[in-house]
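Since the structure comes first, as structure tokens, the remarks are kept for the end.
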């Protein structure tokens, strides 16, 4: 529902930014499948979180009741740090992806 509302708002001229939800974003195939399902063009934007990664990990860790369910195979900090480093593309640097639709030209 939220995604549909965001797409509708974009069609009306609003600039909408989507973020990748953890830990689902770690599974590239899920992200790609969702992008394919939407059948809309989206552009990835890499945003550095090198200076804020510790705060992000602490915020995720605050959801104690969900950690064991969402991060079954590996510790959450390891999963999220590895993913953020992969997105950044440089060892010791961390980033996340935001997704935006290109502006519509029919307004």
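General remarks:
- Look at (1) in a helix (DSSP H, G or I); (2) loosely packed, with under 10 Cβ neighbours inside 10 Å and you find that residue 72 fails only one, number (1).
- Candidates 87, 79 - the one that is at pLDDT 90 or above, within 25 Å of residue 10 (Cβ to Cβ) and under 16 Å from the mean Cα position of the chain (by Cα): 87
- Verdict on residue 100 being farther than 24 Å from residue 16 by Cα, within 14 Å of the chain's Cα centre (by Cα) and touching a residue at least 12 places away in the same chain (Cβ under 8 Å): no
- Complete set of residues in the range 75-105 that are assigned to a loop (DSSP other than H, G, I, E, B) and either out of contact with any strand residue (DSSP E or B) (no Cβ under 8 Å at 6 or more places or on another chain) or surrounded by fewer than 14 Cβ atoms within 10 Å (Cβ to Cβ) (or both): 75, 89, 90, 91, 92, 102, 103, 104, 105
The values are calculated or read from the model by the stated rules, or taken from the named source; none is laboratory data. None of the values given here were measured: they were computed from a predicted structure. Note that we place each Cβ from the backbone using ideal geometry, even for glycine, and neighbour counts take in every protein chain shown.
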